[in-house]
Amino acid sequence: MTTAMGSNTLLSKLGWVALALVGAACLGVVALKRGEPVNAIWLVAAAVAILTIAYRFYSRYIADTALQLDPTRATPAWRRNDGLDFVPTNRWVLFGHHFAAIAGAGPLVGPVLAAQMGYLPGTLWILAGVIFAGAVQDMIILFCSTRRDGRSLGDMIRGELGNTAGTTAMIGILAIMIILLAVLALVVVKALAESPWGTFTVAATIPIAIFMGCYMRWLRPGKILEASMIGLVLLLASIWAGGHVAADPAWANAFTFNGRQLAWLMIAYGFVASVLPVWFLLAPRDYLSTFLKIGTIVILALAIFLVRPDLQMPALTRFIDGSGPVWSGGLFPFLFITIACGAVSGFHALISSGTTPKMIANETDIRLIGYGGMLMEAFVAIMALVAATALQPGIYFAMNAPAAVLGGTVESAAQAISQWGFVITPEMLSQTAREIGETTILSRTGGAPTLAVGMAQILHNVISGDGMMAFWYHYAILFEALFILTTVDAGTRVGRFMIQDLLGSVHAPLRHTESWTGNLIATALCVAGWGWFLYQGVVDPLGGINTLWPLFGIANQMLAALALIFACVVLIKMKRDRHVWIVALPATWLVICTITASWQKLFHDNPKIGFIANARRFADAAGRGEILAPAKTVADMQRVAFNNYLDAALCGLFMTVVIVTLVFGIRAALAARRNSSSTAQETPYVAASTVGA
Amino acid sequence: MNRPAARAALSALGTALRGFWRSLNETARLAVGVPDYGTYLRHHAAQHPDTPPLSYEAFFADRLEARYGRGRSRCC
């Protein structure tokens, strides 16, 4: 028996050593090979090996030392079991629930934008970030919430750091919500502008979802999977029909919109969809997008293993100096802001303190669901990076550089890109546009179209044929747009409730969720908030993503910093000071990144980076009576200046939220250290065996 | 392999596949916020035997409201 176990451990140790060597070798190839394309399989294999090792060793270390997960302690799911919200759930089933809730558009868009610096910086940050920051945050917040009856992040911060810190966090959460909705809506607008095929298929999801809603309401109540299968078939049919719409001049004309028109349509849609009863449109669309999202992630993973594309983008490009056309600013701090989701995403702290902690059957499951779930998201981010860097760099920059840099024609674009040192001809640009069934690929910024072309090229190698490239492109656009729209309407509802809460503290009746006045006023305010930033992004000469994505990244990292500062305080209150470095390390890094990035966005001399410098540039020129492109009148100029001041104010707000939380965190930590016993506000220990677990 | 053994192996495989399909179903439904109705019924029968449980339709509607109700965040 002992010998068998002994040889088993030895064998298992050898296995882990072998895996570590494989991972190191693959990463070596990825990092050191120069001059010829590296195959994506090296990158994927390195990521899988490194993430597996991190899960096996680091997450177990955290579970055993800092958290001391206790299998005998009853979780809220057992103590408060009601068969509805609180239900002890199988760990793998709950893993699926949690992953579906955390994986969104963020891990797909960020890595695509970061690819302008080459594939290496993004890869290294995703791997290091997820192991030491992102997965740590998700796991510890899930742990804290599970020990506090599934309370939300804002509530927990209020409890452990005091009311002021709690209110500050709530304001921060509302601000990130508004920016998130604006930037995601902008991604969809950029993907659908001047694209009748894409616009038709995405518009078709509205009647399809309504049909599913009615089906599940009256025809076959509650038959989710059945309705979703029918919806999926209709979606695929709408992609096929979209091709015919785009081919027919009259129909194509009816579905061709420019960015401004699409922005107004999005704003109207967001308002209506979030006010209607949820069963009608919002829920069925959510079902479709959730299943399509998971399915497509699986398909993409399989396709990458089957096709094994070469990475065309160099490991590092010249744009690590901060002069890149996709977004401006140096590698530090802006790479760490651009890739938020996939490496570390503050938003996950809201999910980890949402429904998941109420369903944890045993504390030890927190490791798989919290840490493991985030590792899966990092893997999705790596796949997005592969899809973007497997494209020819010339195509990548043609799609992601703003029109102001590329000019309006394939000739001017090819010339501009060739000057950066990437070979591309005008014919190749037109040819690619034809293949994917679009009129142009120039300045299709926002990440979604780039990812769609990358995915289409990979999937086309698996299922090829005449016109299949265009089908796959529009499939990928639909997949991204569908779950972004779900986030927009559901997020608008969440924002509405937050605003109703705030309004309710001024005039109590506005708080009632059933009150139509409160509902409409709060929804209008929420939509106006993100609609303002969306519209500003659409008319922005540098394409909007350039401005809004860094703001979103800063907001998301700010929230992560808040969550990790809170986690530090909790560990100190629990008298686990020896292990506090596990969270203090990523917390420090995120505070440094968010403060530096906000500071540069505020005060950098380069108007491409600093909001205030850019506002002054326009205000001064307007004062001299000059008109700077793309503004056409002095009033335009003043609006650009105002918008830049507004962005600056938002940056200032994010910075203030971080600093205030840091101050209150340090205060709470010092107070806890003066106390000789644990002061963490956990629900008292109840033995699992006494509640039927 | 003799016939009864083959039949036993087949039926074991069938049970395993059915179990796998059931948990796949349960995972998919929970991914969109609808927990297992059977678990709810068992819980209700054990804890509140004196009151009738929600019908499946009412259970589904209740979970729908909970998923999109106050304060449920969605991720980026």
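Bear in mind that the values in this text are calculations on the coordinates, not laboratory data. Note that the structure is a prediction, hence the values are computed from the model and not measured. Cβ: placed from backbone, ideal geometry, glycine included. Neighbour counts: every protein chain shown.
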(request) Sort the following peptides by mean Cβ neighbour count (other Cβ atoms within 10 Å, averaged over residues), highest first: A:531-539, A:163-171. (result) A:531-539, A:163-171
(request) Over the alpha-carbon set of segment A:179-337, work out the extent along each principal axis and list the three values in angstrom, largest first. (result) 59, 39, 35
(message) Counting each pair of different Cα atoms once, what's the Kirkwood radius of segment A:397-486 in Å, rounded to one decimal?
(response) 13.6 Å
(request) Search the structure for amide H atoms under 5 Å from the amide H of A:T89, placed 1.01 Å from N in the peptide plane, and list their residues when 5 or more places away or on another chain. (result) A:A361
(message) Nearest 500 deg cm²/dmol is fine: what mean residue ellipticity at 222 nm does chain A get from its DSSP H runs of n ≥ 4 alone, each adding -39,500 (n - 2.57), divided by its residue count?
(response) -22500 deg cm²/dmol
(request) Send over the Kirkwood Rh of chain A, from the inverse of the averaged 1/r over different Cα pairs, rounded to one decimal Å. (result) 26.1 Å
(message) For a quick check: with amide H placed at 1.01 Å from N, whose amide H comes under 5 Å from A:V38's, ignoring anything fewer than 5 positions away on the same chain?
(response) A:L311
(request) Using a cut-off of under 20 Å, list every residue of segment A:35-75 whose amide N is near the label point 7 Å from the Cα of A:N8 along the Cα-to-beta-carbon line. (result) A:56-57, A:60
(request) Please work out how much length the chain gains when fully extended from A:L316 to A:T52, using 0.36 nm per residue of separation minus the C-alpha to C-alpha distance, in nm with one decimal. (result) 92.4 nm
(message) Can you divide the C-alpha Rg of segment A:317-429 by 2.2 N^0.38 Å and report the result to two decimal places?
(response) 1.49
(request) Measure off 7 Å from each Cα along the Cα-to-Cβ vector at A:V298 and A:A619, then give the distance between these two points in nanometres to one decimal. (result) 5.5 nm
(message) If I take the Cα coordinates of segment A:528-632 and project them onto the principal axes, what are the three extents in Å, biggest first?
(response) 64, 29, 17
(message) Students often forget the sequence filter, so: which aspartates and glutamates lie under 18 Å Cα-Cα from A:K223 once same-chain residues fewer than 8 apart are removed?
(response) A:D286, B:E26, B:D36, B:E57, B:D62, B:E65
(message) From the helices alone, meaning DSSP H stretches of at least four residues, give me the mean residue ellipticity at 222 nm for chain B, per-run term -39500 (n - 2.57), in deg cm²/dmol to the nearest 500.
(response) -23500 deg cm²/dmol
(request) Arrange the peptides A:618-631, A:485-498, A:371-384 so that the one whose residues have, on average, the most other Cβ atoms within 10 Å appears first. (result) A:371-384, A:485-498, A:618-631
(request) Starting from the Cα of A:K632, draw a straight line to each of the aspartates and glutamates and keep only those under 14 Å, dropping any in the same chain fewer than 8 residues away. (result) A:D540
(request) Give the calculated FRET efficiency between A:H507 and A:N163 to the nearest 0.05, with a Förster radius of 25 Å applied to their Cβ-Cβ distance. (result) 0.75
(message) For segment A:577-693, take N as its residue count and report Rg(C-alpha) divided by 2.2 N^0.38 Å.
(response) 1.78
(request) Can you bin segment A:238-309 into rounded, prolate or oblate? Criterion: square roots of the alpha carbon gyration tensor eigenvalues sorted a ≥ b ≥ c, rounded for a/c under 1.5, prolate for a/b above b/c, oblate for the rest. (result) oblate
(request) Taking 7 Å along the Cα-to-C-beta vector as the label spot, tell me the A:D636-A:L236 distance in nanometres, rounded to one decimal. (result) 4.7 nm
(message) Rounded, prolate or oblate for segment B:1-58? Axes are the square roots of the Cα gyration tensor eigenvalues, ordered a ≥ b ≥ c, and the cut-off for rounded is a/c under 1.5.
(response) oblate
(request) Over the whole of A:83-93, what's the average partner chain Cβ count within 10 Å per residue? Rounded to a whole number, please. (result) 6
(request) Arrange the peptides A:473-479, A:261-267, A:214-220 so that the one whose residues have, on average, the most other Cβ atoms within 10 Å appears first. (result) A:473-479, A:261-267, A:214-220
(request) Take the alpha carbon atoms of segment A:76-133, find their radius of gyration, then divide it by 2.2 N^0.38 Å using N residues; give the quotient. (result) 1.70
(request) In whole angstrom, note down how far apart the Cα centers of segment A:70-148 and segment A:185-218 are. (result) 29 Å
(request) Within a 10 angstrom radius of each residue's Cβ in A:530-541, how many Cβ atoms of other chains show up on average? Whole number is fine. (result) 0
(request) Give the relative contact order (percent, whole number) for chain A; include only Cα pairs under 8 Å separated by 6+ residues. (result) 24 percent
(request) Would you work out if segment A:199-277 is rounded, prolate or oblate? Take a ≥ b ≥ c from the square roots of the eigenvalues of the alpha-carbon gyration tensor; rounded if a/c is under 1.5, else prolate when a/b is larger than b/c, oblate otherwise. (result) oblate
(request) Excluding residues on the same chain fewer than 8 positions from A:K575, give the aspartates and glutamates whose Cα lies under 19 Å from its Cα. (result) A:D64, A:D70, A:E160, A:E682
(message) Just checking the output field for A:447-458: average partner chain Cβ neighbours within 10 Å of each residue's Cβ?
(response) 0
(message) Please compute the modelled spin-label separation between B:A9 and A:A31, points set 7 Å along Cα→Cβ, answer in nm with one decimal.
(response) 4.9 nm
(request) Identify the residues of segment A:423-451 with backbone N under 14 Å of a label point that sits 7 angstrom from the Cα of A:E411 along the Cα-to-Cβ direction, or state none. (result) A:426-427
(request) May I ask you to give the average projected area over all directions of the convex hull of the Cα atoms of segment A:463-603, in nm² rounded to one decimal? (result) 15.2 nm²
